[in-house]
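Have a look at the structure below before the remarks.
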Amino acid sequence: MHPMLNIAVRAARNAGKVILRACEDLSKVEAQQKGSNDFVTNVDKDAEAVIRDTILKAYPDHSIVGEELGITEGKDADYQWVIDPLDGTTNFIKGIPHFAVSIALKVKGRVEQAVIYDPIRSELFTASRGQGAQLNSKRIRVTKSTEIAGSVLATGFPFKQKHHLDAYTEAFKALFIHTADIRRAGSAALDMAYVAAGRMDGFFEIGLKPWDTAAGELLVKEAGGMVMDFAGGASYNQSGNVICGAPKLCQLMVKEIRPVLTESLLR
């Protein structure tokens, strides 16, 4: 295992311990609303602090971007860690056991290492650029799906951007009519990890942030899949609009949804 991936794994497991301890008594979890339908808890912040501490002990000059604690500019700007300490906070608050720690390392702007860790199931998804993707050290691959018919897709509703609801609903309908089914589980990081592991054929969501997708992006690509925006391009980090899955399937999903999307979603 690459030494920097090893540190990411250690950081994710340390954060997982914080989260699992909190799961023992959710009545003590303090939740606050930080935006429209967007919650943060003391556990998110504590988990991110543990991740930062683990990383900076090993690499004190690296930069960090975290969902909850913002940007830490290190002396070495070429190395930037992108952290979501608890992806699926609403599930966590409600006691729904489906959430994850997501950690990615960008080197000169390109994701090189990725970890998504599900502490409830003890599932560790990892990837190093050029080395493939693994689940608990076993190689994983996206499905070989070449058509939407019969596929199972994952999605996330635009709960923070409800002005896109009509366009999203039309896109959902355009895909759903062809699929076997569509799932909405509440953690984009795990959705992308599940695509990488072949559990889902594809995934699409509007308005994600870099910390939601950075680790999942590398996992999917290293598992043989593709990641693209709603226009079939590569600007998903700017728009936050993401499609991923088996290469042929991604192209077919874009073809189905493009005609029903607004111009703002195709940029």
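Which condition breaks for GLY132 when tested against (1) of a type in the set (Gly, Ala, Ser); (2) over 17 Å from LEU190 (Cα atoms); (3) assigned by the TED database to the domain that holds ASP201?
Of (1) of a type in the set (Gly, Ala, Ser); (2) over 17 Å from LEU190 (Cα atoms); (3) assigned by the TED database to the domain that holds ASP201, only one is false for GLY132: (3).
Please find, among ALA185, ALA193, the residue that is surrounded by fewer than 23 Cβ atoms within 10 Å (Cβ to Cβ), closer than 22 Å to ASN136 by Cβ and of a type in the set (Gly, Ala, Ser).
Result of the check over ALA185, ALA193: ALA185.
Go through segment 116-125 residue by residue and tally those that are assigned to a strand (DSSP E or B) and open to solvent by 10 Å² or more (accessible area, probe 1.4 Å).
Keep residues of segment 116-125 that are assigned to a strand (DSSP E or B), which gives 116-118, 123-125.
With open to solvent by 10 Å² or more (accessible area, probe 1.4 Å) added as a condition, the list becomes 117, 123-124.
Residues in segment 116-125 being assigned to a strand (DSSP E or B) and open to solvent by 10 Å² or more (accessible area, probe 1.4 Å): 3 in total.
Each row is one residue, and each column tells you yes or no for (1) closer than 20 Å to LEU86 by Cα; (2) in the same structural domain as ASP84 (by the TED database); (3) modelled with pLDDT of 95 or more; (4) among the charged types (D, E, K, R).
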{"position": "LEU165", "(1), (2), (3), (4)": "no, no, no, no"}
{"position": "HIS178", "(1), (2), (3), (4)": "no, no, yes, no"}
{"position": "ASP181", "(1), (2), (3), (4)": "no, no, yes, yes"}
{"position": "GLY186", "(1), (2), (3), (4)": "yes, no, yes, no"}
{"position": "THR213", "(1), (2), (3), (4)": "yes, no, yes, no"}
{"position": "SER235", "(1), (2), (3), (4)": "no, no, no, no"}
{"position": "ILE243", "(1), (2), (3), (4)": "no, no, yes, no"}
{"position": "PRO259", "(1), (2), (3), (4)": "no, no, no, no"}
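Here are some conditions: (1) surrounded by 22 or more Cβ atoms within 10 Å (Cβ to Cβ); (2) out of contact with any His (no Cβ under 8 Å at 6 or more places or on another chain). GLN113 meets all but one. Which one does it not meet?
(2)
One line per residue, one yes/no per condition, for (1) in contact with a Lys or Arg (Cβ under 9 Å, 6 or more places away or on another chain); (2) surrounded by fewer than 17 Cβ atoms within 10 Å (Cβ to Cβ); (3) of a type in the set (Gly, Ala, Ser):
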{"residue": "MET1", "(1), (2), (3)": "no, yes, no"}
{"residue": "ILE7", "(1), (2), (3)": "yes, no, no"}
{"residue": "ALA11", "(1), (2), (3)": "yes, no, yes"}
{"residue": "ALA15", "(1), (2), (3)": "no, no, yes"}
{"residue": "VAL18", "(1), (2), (3)": "no, no, no"}
{"residue": "CYS23", "(1), (2), (3)": "no, yes, no"}
{"residue": "LEU26", "(1), (2), (3)": "yes, yes, no"}
{"residue": "GLN32", "(1), (2), (3)": "no, yes, no"}
{"residue": "VAL40", "(1), (2), (3)": "yes, no, no"}
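List the residue pairs whose Cβ atoms are under 8 Å apart, where the first residue sits in segment 116-131 and is farther than 12 Å from ALA12 by Cβ, the second is of a type in the set (Phe, Trp, Tyr), and the two are 6 or more positions apart or on different chains.
Every condition considered, the pairs that remain are ILE120/PHE99.
So in segment 10-49, with the set limited to residues that are basic (Lys, Arg) and farther than 17 Å from LEU124 by Cβ, which one is farthest from the chain's Cα centre (by Cα)?
Among them, the one singled out is LYS28.
Could we say that ALA47 is within 30 Å of GLY132 (Cα to Cα) and either assigned by the TED database to the domain that holds VAL107 or part of a strand (DSSP E or B) (or both) here?
So ALA47 fits the description; yes.
Which numbered condition trips up GLU256, out of (1) surrounded by fewer than 24 Cβ atoms within 10 Å (Cβ to Cβ); (2) assigned to a loop (DSSP other than H, G, I, E, B)?
(2)
The values are calculated or read from the model by the stated rules, or taken from the named source; none is laboratory data. The structure presented is a predicted model; accordingly, all values stated were derived computationally and were not measured. Here the Cβ is made from the backbone with ideal geometry for all residues, glycine too, and neighbour counts use every protein chain on show. Just the protein is used for accessible areas: all its heavy atoms, side chains included, with ligands, DNA and RNA removed. Shrake-Rupley method; radii C 1.70, N 1.55, O 1.52, S 1.80 Å.
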